[in-house]
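The values are calculated or read from the model by the stated rules, or taken from the named source; none is laboratory data. Note that this is a predicted model, so its numbers are computed, not measured. Here Cβ is always computed from backbone atoms with ideal geometry, including for glycine, and neighbour counts include all displayed protein chains.
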Amino acid sequence: MKLGATKTAVRISTTELSRIMGGSQQSASRHLQLLENMGLLERSIEAGGSKIRITGDGLSELDLILKELKWHLEGKEADAVEFEGIVVSGLFEGAYYISKEGYKRQIMDKLGFDAFPGTLNIRIKPEDFEKRQRLERGPSIKLEGFKDGERSFGACRCYPLTVNDEVEGSLLVAERSIHDDNIMEIISPLYLRRHLKLADGDKVKVSFLPLRRSDA
């Protein structure tokens, strides 16, 4: 990571890597092979060494290790992630999907609440897109896909949150989402617009305490 392999492929020999790791050349070679087999890095062997690049899965693993260390040293609250967004109208499809028994049952079982049939959509700032991507690389609570008659409904990932430090809910990220990174779809046991007296254009704060492996 220090060499910049998160952004582009870098060339390094097993001799140089062993010196950095403080181990043998054979150990460095085994580590590279293991990480490659796990899909955490990509490697091409060339004369004088290997070109390596950390994959998306590798970045997710590094993010998770950093979070675990911060939780251990500073407490879980130290790694809270906050976004400020603007309330916007969606396509009014949330009620249809959230009302499906296949989702309702899993939300109750896995998130612990009976979801209001609808979502609160907020638009976040472009400068927060990378922060959102880091959040979504971490552990999530998964709602499995299912079939209802002839129609299939895709899986979703959930990230528990609080809205305005008051109401608990979850970010819902559909496997086949029609939204880009700028829109967050939030589910909650309450009708958030009414409970928090929100209208399009109002500012909202959402706060996440990222999940640990054991929570997901």
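Specify which of the listed residues (Y103, Y97) is at pLDDT below 90, surrounded by 19 or more Cβ atoms within 10 Å (Cβ to Cβ) and either in a strand (DSSP E or B) or among the hydroxyl-bearing types (S, T, Y) (or both). One residue alone meets the criteria, Y97. At least 1 residues being under 29 Å from Y159 (Cα atoms), modelled with pLDDT of 75 or more and outside the structural domain of N164 (by TED's automatic domain parsing) is the threshold, and among the helices (runs of 4 or more DSSP H) wholly inside the stretch 1-83 those reaching it are 25-37, 56-74.
Annotation note: Cβ proximity below 8 Å between a residue of the stretch 89-114 that is more than 15 Å from E144 (Cα to Cα) and a residue that is in a helix (DSSP H, G or I) and among the hydrophobic types (A, V, I, L, M, F, W, C) (sequence gap 6+ or interchain) occurs for F113/I107; D114/I107; D114/M108. For the stretch 31-40, residues that are on the phi < 0 side of the Ramachandran plot and exposed (fewer than 13 other Cβ atoms within 10 Å of the Cβ) total 4.
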